[in-house]
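Below: one structure, written as structure tokens.
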Amino acid sequence: MAQVSPVSSAAPATALAPSIVFFLSARSGACRRVEGFIAQVLQRRRNQRTFLLRRVDVDERPDLAERFSVTDVPTLLVVENRRIRGRLDRPRTVAEIRLLLAPWLR
């Protein structure tokens, strides 16, 4: 089962929305499934503009995967004010993603 790292409470609104950095591999069925889960969470709660979604293909950018210590895909990071506020390695359910993003969801 995926583990959710502790997430701090949301900071006051800033000009920049927090980013979801989605580390993926185009060859992975699990990554395609998680992309659908992310869309489901954001659309269901009308939070499409709450986050900037940034996709990083680890096959194309292994340097970024190494920099952020990503060893498994899919991996999600929430970055706010240039700091990692949450991390989820190998999410398997919509509920896990919802829990990671809960501090920012409306």
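Coordinate-derived values only; no laboratory data. Remember, predicted model here, so these are calculated numbers, not experimental data. Here the Cβ is made from the backbone with ideal geometry for all residues, glycine too, and neighbour counts use every protein chain on show.
When Ile84, Ile38 are sorted by how many other C-beta atoms sit within 10 angstrom of their C-beta, beginning with the fewest, the order is Ile84, Ile38. Computed across region 19-104, the Kirkwood hydrodynamic radius from all distinct Cα-Cα pairs reaches 12.9 Å.
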